[in-house]
1. Taking the Cα-to-Cβ direction at ALA29 and at GLU73 and moving 7 Å from each Cα, how far apart do the two end points lie in nm?
2. Find how much the distance from THR126 to ALA36 grows on full extension, using 0.36 nm per residue of separation minus their present alpha carbon separation; answer in nm with one decimal.
Amino acid sequence: SYYERAVNWDEDRAAIARSEELGWQAVIAPAVFADANGDRSVTIEFTDASGEPITGLLVHTKAWHHAIGKIVEGDAVVAPGAGLQGAGMQVAGGTYRVDLPMEQAGFWDFEVTATRGSDAFVSQTTLTVTSAASLLGTPGH
């Protein structure tokens, strides 16, 4: 909740500062289209300070929709063949995927936490997620 985020602000800032010391980067890319169940694949590509892919991470992704206050989350881990809703996997060296129930377009805040051994990385960003309808336009226009 917003209240919990406010209470934990100092702790969150400290985690982000430690993450910056690692020099890792995370690029988050939600899919343009949600599937028939409203799930949308979100890929996260991790690189280290030298630009090399980071493998073997345990990744947790949380997203908040600005307008409706919806919070969704799921784990993306090295788990080939995982087919459960919200389960994810490493799909290539340094690239992870998680399917989240994100049918709504609009502004989403993403918080990604990645751990490997004693290393912990937190990344927060806001992205605009589009819908298929907005890309297809209005018929006849």
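Where a number appears in this text, it was derived from the coordinates with a stated rule and is not lab data. Everything numeric here is computed off the predicted structure, so don't read it as measured data. All Cβ positions, even for glycine, are placed from backbone atoms using ideal geometry, and neighbour counts span all protein chains on display.
1. 2.6
2. Working: separation 90, 0.36 × 90 = 32.40 nm, distance 2.48 nm.
Length gained between THR126 and ALA36: 29.9 nm.
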